[in-house]
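What follows is one structure encoded as structure tokens, with my remarks underneath.
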Amino acid sequence: MTRRKFIPLIGIAATAGYASMKLQKPPRVPDGPPGKSAVTIIRARSYSEDLVSRMLEGVRECGLDVRGKRVLLKPNLVEFESSTVINTDATVVAAAVELFHRLGAAEVKIGEGPGHRRDTLDLADDAHYRSTVAKFEGIFTDLNRDDVSLVRDFGDEPEFYFPKTVLAADLIVSLAKMKTHHWAGATLSMKNLFGLVPGSIYGWPKNKLHYIGIPLAVAQLSRKFRNTFAIVDGVVGMEGNGPIQGTPKPVGVLVMGRDLVAVDATCCRIMGIDPEKVEYLRMAADIGHVHPDRIEQRGESVDSVHSNFALIEEFRGLRLA
Amino acid sequence: VGELYLDSRLDFLRTAQNPDGGWGYFPGKQSWLEPTTYAMLALHGRPESQSAVEKAWTLVRSWQTPEGSFRPSGNVDGGTWVTAHMVTLASVRGVYDDKVRRSVDWILSVVGAEHSLTMRAAAFFGLVKTKMDFSHGGWPWRQGNAAWIEPTAHTLVALKKVAASYQSSDLDHRVREGEALIFSRRCSDGGWNCGNPNNLNVDLPSYPETTALALMGLQGRSSQELAGPLEVARRYRKDTKSSLAKAWLTIALRCHGDNPEPPADAARKSEDCMLAAVEALGHPNGNHGLLRVGGRA
């Protein structure tokens, strides 16, 4: 067969396959692990509120004990654009530092490895982290350039490297932003774990994760790091063409919990997205709860804070019925 | 001109060298090839640093893999984009031996995965959401992944530097392809980001640091082709707050014949070894000329 004939054939086959995937109704998501997961929704209408007290309320509802633990806060610091809200707000990061100190953590650090930009501290400066978080540079680690250790239990990868700061933490707190995502549908506490992967080895962007497949990589990272807690900044989220070029979407909530799958599923419901159609959540349904009857909702109800996020055309099918 | 600026950075590098001979991204951290390369270039040719540079060279040479690539750090298996840095370092040092030849062989064997026939076909039929031209072969961060601006730019510098010794039509072809890839991924604002100028039909903005690196890789192209990007780089250098971006932009502009205003004569403020080295390289009396290449391969 000549190359001239081969290329159109590949195109037709790929188009047919893509179309059939779109038409098929996905099978039911498995029930997940035994028991239920607590997820707390706390009202926070603006960043000027007392966020420490709000978060404290949420942590207590979830029964989290961090006394004597080494806590690593992982914000979502991606790029900066003053006209929109790409990153976890600096006030949320500052409040979380204070919160975990108050709760008796032995150590509270902040770590992030942005996926696109090389100058992480400059990005943190733009996002007002340096001016808002007390002694920021003393507690911050650029995970893209940290020392690394080999791990052999990351998905199907025979070997993978993670920053030592991440591996040394007793608890990783995913301080995510509530956003839509042009490849994954939504980016919340689980996708935020992409920033744990070191750019010094995997590059800017961390293209290795794209080749694993974004949904699978998100699920694998969540499976690898189970010592986690999520605080999703939905005070002002991002809708439309997220995670960078979308528009601000005020929701006025913080969503918190130990089961990242359940937290993300709850966030999706708040955003008007059907979590059972989000591929990475389907892939991670063995480690956490997606079904609403397996999530113990505390604080505000989903219905009381629900606000449909605008979705790009590719993801209109994710809209919650 | 501003000797405090330069001396404080070079002194810092001398004191921040690890006992194994390499440099970490920060003092006391594990040695990596990337900051070690920049530190070696910054200290190159300075008599008081000769033994430090030799020790570093011995260390990083030991990181070559059997297939010719270089590991990014001593405890990391598998070669990556940093292999280009090793070829550049070897060229600067006038070393051209079997190790260097095998590195160049490896570099020429690697191409961005999006350049595969399947991906080009998928792009042709509109199954790819990005507006990227997959017809040009550039270089990825890691073998098996897609090509991006930064690894392609570093590799172009390396290949242009080693071209006179390696001499092959394949090398010439790959240089032309790499340059074409960089041009094809230029953002609508005139600069470059990490390598994706448009997503879902929305133009994405360029970044100062990748604009600088793209211009490094495009050394030797005509001034007419580069007039626009150089203007963008000059504007970025004036406006950016990022010390790293400013330092890379300074080097890039100097390599293209500009003589940008020297920095204020301020002592180093950061504990970042790579930043100190890149800033030292860009100083008027720094070694930025080591990254200059003489024209097309």
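The values are calculated or read from the model by the stated rules, or taken from the named source; none is laboratory data. None of these values were measured; they are calculated from a predicted model. As a convention, Cβ positions derive from the backbone with ideal geometry for all residues, glycine included, and neighbour counts pool all protein chains shown. For accessibility, only protein heavy atoms count, side chains too; no ligands or nucleic acids. Shrake-Rupley method; radii C 1.70, N 1.55, O 1.52, S 1.80 Å.
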Summing +1 for each Lys or Arg and -1 for each Asp or Glu, what net charge is found among the other residues whose Cβ lies under 14 Å from the Cβ of residue B:201? -1
Between the helical axis of B:273-282 and the dominant principal axis of chain B, each derived from Cα atoms, what acute angle in degrees is found, rounded to the nearest 10? 90 degrees
Kindly identify the stretch B:155-255 as rounded, prolate or oblate by the Cα gyration tensor criterion: order the square roots of the eigenvalues as a ≥ b ≥ c, call it rounded if a/c is under 1.5, otherwise compare a/b with b/c, prolate if a/b is larger, else oblate. oblate
Heavy-atom SASA rank of B:83, B:240, A:91, B:118 (probe 1.4 Å, accessible area, largest first): B:118, A:91, B:240, B:83
Tell me the net charge near residue B:141. Cut-off is 14 Å between Cβ atoms, residue B:141 excluded, with +1 for each Lys or Arg and -1 for each Asp or Glu. +2
Ranking request for peptides B:243-251, A:310-318, A:236-244: highest mean number of other beta-carbon atoms within 10 Å first, then the rest in descending order. B:243-251, A:236-244, A:310-318
Student exercise, the stretch A:154-287 dipole from Lys, Arg, Asp, Glu Cβ charges, in Debye to nearest 20: 220 debye
Charge tally for neighbours of residue B:112 with beta carbon under 12 Å away, counting Lys, Arg as +1 and Asp, Glu as -1, is +1
Using a 10 Å cut-off around each Cβ of peptide A:114-125, what is the average number of partner chain Cβ atoms that fall inside? 5
Find which of B:157, A:124, A:174 sits farthest along the positive direction of the dipole of the protein assembly as shown, computed with +1 on the beta-carbon of Lys and Arg, -1 on that of Asp and Glu, about the Cα centre. B:157
Per-residue ellipticity at 222 nm for chain A, helices alone: DSSP H runs ≥ 4 residues times -39500 (n - 2.57), over residue total, nearest 500 deg cm²/dmol? -9000 deg cm²/dmol
Helix A:214-224 axis, angle to chain A major axis (alpha carbon atoms, nearest 10°): 40 degrees
Antiparallel bridge percentage (DSSP; both residues within the protein assembly as shown; nearest 5): 55 percent
Acute angle (nearest 10 degrees) that the helix B:208-217 long axis makes with the longest principal axis of chain B, alpha-carbon atoms: 80 degrees
Kindly provide the trypsin sites (Lys or Arg not before Pro) of the stretch A:60-150 that DSSP labels as loop, not H, G, I, E or B, and whose Cβ sees at most 12 other Cβ atoms within 10 Å. A:67, A:135
Mind checking B:202-214 for the average number of partner chain beta-carbons within 10 Å of each residue's beta-carbon? 3
Under 10 Å, Cα contacts only: if you run a Gaussian network model on chain A, which one of A:189, A:131, A:37 comes out with the highest mean-square fluctuation? A:131
Please work out the C-alpha center-to-center distance from the stretch B:101-141 to the stretch A:199-241 and express it in whole Å. 24 Å
Per-residue Cβ counts within 10 Å, from other chains only, averaged over B:234-245: what number is that? 2
What is the dipole size for the protein assembly as shown, taken about its Cα centre, with +1 at each Lys and Arg Cβ and -1 at each Asp and Glu Cβ, in debye to the nearest 20? 1000 debye
